[in-house]
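Some notes on the structure that comes next.
Every number in this text was worked out from the coordinates using simple rules, so none of it is lab data. Here the structure is a predicted model, which is why all the values come from computation and not from measurement. Here the Cβ is made from the backbone with ideal geometry for all residues, glycine too, and neighbour counts use every protein chain on show.
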Amino acid sequence: MNSNPTTRGLGTASRVYRLLLKLYPAAFRERYQEEMTQDFEDIWDRARERGIVSRFQTGLLLVWDTTLSAPTEWTAAINNAHLNKETFFVKIYLPSRRQDLLVGSLVSTLLVAAAIWVSYPTALKALQPPAKTDSEGTLFVVDIDEPPPPEAEEVDAALVKTPQDPAPPQLQDIPQVANPGSFTQPIQPFTPNVNIGATIKIPEHRAATRSNTEIFDPTALDQQPVPRYQARPQYPFEMRRSGVTGSVLVDFIVDSDGNVRNAFAVHSSNHDFESAAADAVKKWRFKPGRKNGHAVFTHMQVPIDFVLDSK
Amino acid sequence: MNKEANLPSGSEPDLPLTPAVFNILLSLADGEKHGYAIMLEVEEATDGSVRMGPGTLYGSMDRMLKAGYIAESDQRPAASEDDKRRRYYRLTQSGQRVLRAEASRLARAVNIARTKKVLSPA
């Protein structure tokens, strides 16, 4: 992962966020500042790829998060310290410095104000349907065609919401503790079996949200997708108990937001491993592949091996 | 944004857990993760209804570390995939016990709701 804020164009944003972190007690900041800054860069990077509305929402979320959690940390720090004057001033007040608190408070206030002033009209405009006038100058709202519903085989059951009859949680949904090291999941670039060009079209039956979206072979990209988060597959209980190992080749598409689409098992040594492998891959997140400066869809395949730990 | 949890320092779990703490524990149930991975998994698992910023996440995790529910992992990924600013966390035995207790409590509540026909049968 490229974590250099300058090369990612996040230098200014990171510096502003570091100023916000000055709102936290010194001990908390020293312990978590680097991790929080790293997470901020990943969050901001993702929001930037999703557009102005996402950036606006993310900015507000982060300022809101800091504004709420900083006082909680101060309360915890004060409660944890033995509150005589010496420890309070030595352990909490002095390391944090009044200057830091003032700077952090000021930055937080300015950020909220600036975010609303700069982004609100744009965000509002982006959320509203376009309006135009008829020949008499009367305003009316133009209806926007709903995108066609995805075909039945493309609907991910986990994403289907039925508010009228929500599926209740079930006892078997309680997660099992997985055995670390019980599988490997190296990512390999997709190697097409047939001779295709640098780009392919999504077949209609596989188009998820838009038509004529180009999907690229990783070798045709300027920058290949980089995994940011890889969920571990759950070893099927019966397979584990029976001592069965196996492997699954999962085919999927990384979209321009870095999300995985259309993950399915191409082939496997045992069908019972397929859903576990595909379900895990669906949760993966990537930094999307880029071509000519734009985030693009990328076709990938990954073998997932289910291997029992010898311990 | 979720209200922060004040976790107990003793060994007995103080149930119910807050959504943030429960979801963090749940996220770590299938293996160790770093903070950003936890954030993403919680957001995904809850369909976006629980969105934690870094402040909420690390505030909760700080108290969970002190309570012994989670621990920092010694293992790191391969150098090519590693970022030294990351820390990886794992569930402890105590954390597993608390998670199991909370999940059982929720399961019991669901069973009661089914009995009273608030929820449809499984």
Query raised in the report: Going down the table (A:Lys287/B:Lys66; A:Lys283/B:Lys116; A:Lys22/A:Lys287; B:Lys33/B:Lys84; A:Lys282/B:Lys116; A:Lys22/B:Lys84), which pairs top 25 Å between alpha carbons?
Result: A:Lys287/B:Lys66; A:Lys283/B:Lys116; A:Lys22/A:Lys287; A:Lys282/B:Lys116
Report summary line: Residue-ordered couplings for the range A:52-68, obtained by feeding phi - 60° into the Karplus form 6.51 cos²θ - 1.76 cosθ + 1.60 and rounding to whole Hz (Gly and Pro as x), are 5, 5, 4, 5, 4, 5, 5, x, 5, 4, 5, 5, 4, 4, 5, 4, 7
Report task. Would you mind computing, in nm to one decimal, how far apart the modelled labels at A:Leu110 and B:Arg85 are, each placed 7 Å from Cα along Cα→Cβ? Result -> 2.1
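Between A:Ala220 and A:Val16, what length comes free when the chain is fully extended (0.36 nm per residue of separation minus the Cα-Cα distance, one decimal in nm)?
Numbers: separation 204, 0.36 × 204 = 73.44 nm, distance 3.66 nm.
Result: 69.8 nm gained on full extension.
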Query - For A:Asn270, residues with placed amide H under 5 Å, excluding near neighbours - result: A:Ser247
Query raised in the report: Between B:Ser94 and A:Leu249, what is the FRET efficiency for a Förster distance of 56 Å, r being their Cβ-Cβ separation, to the nearest 0.05?
Result: 0.90
Report task. List every residue whose amide H lies under 5 Å from the amide H of B:Thr92, counting only residues 5 or more places away in sequence or on a different chain, with H placed 1.01 Å from N in the peptide plane. Result -> B:Ile70, B:Ala71
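Counting only other chains, what is the mean number of Cβ atoms within 10 angstrom of the Cβ of each residue in peptide A:28-36?
Values: counts 4, 0, 0, 4, 9, 3, 5, 11, 8.
Mean partner shielding for this stretch: 5.
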Report task. Determine ³J(HN,Hα), in whole Hz, for all residues of the range A:292-298 in sequence, where each value follows from phi through the Karplus function 6.51 cos²θ - 1.76 cosθ + 1.60 and θ = phi - 60°; x replaces Gly and Pro. Result -> 6, x, 10, 6, 10, 7, 10
Requested in this report: Would you order B:Lys116, A:Lys291, B:Lys66 from fewest to most other beta-carbon atoms within 10 Å of each residue's own beta-carbon?
Outcome: B:Lys116, B:Lys66, A:Lys291
Report summary line: Scalar couplings 3J(HN,Hα) for the range B:14-22 by Karplus 6.51 cos²θ - 1.76 cosθ + 1.60 (θ = phi - 60°), nearest whole Hz, x for Gly and Pro, are 9, 9, x, 7, 6, x, 4, 5, 4
Report summary line: Non-local residues with an amide H under 5 Å from the amide H of B:Arg87, with H modelled 1.01 Å from N and Pro and chain starts lacking one, are B:Gly35
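Average partner chain C-beta neighbours within 10 Å, per residue of B:98-109? Don't jump to the answer; show the numbers that get you there.
Details: counts 0, 3, 3, 0, 1, 5, 2, 0, 3, 6, 1, 1.
Going residue by residue through B:98-109 and averaging, the value is 2.
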Query - Neighbour-count order for A:Asp39, A:Asp251, fewest beta carbons within 10 angstrom listed first - result: A:Asp251, A:Asp39
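Could you work out, residue by residue across B:36-48, how many beta carbons of other chains sit within 10 Å of that residue's beta carbon, and then give the average as an integer? All intermediate terms of the calculation are to be shown ahead of the outcome.
Numbers: counts 13, 7, 2, 4, 10, 4, 0, 0, 7, 3, 0, 3, 0.
Mean inter-chain Cβ contacts per residue within 10 Å come to 4.
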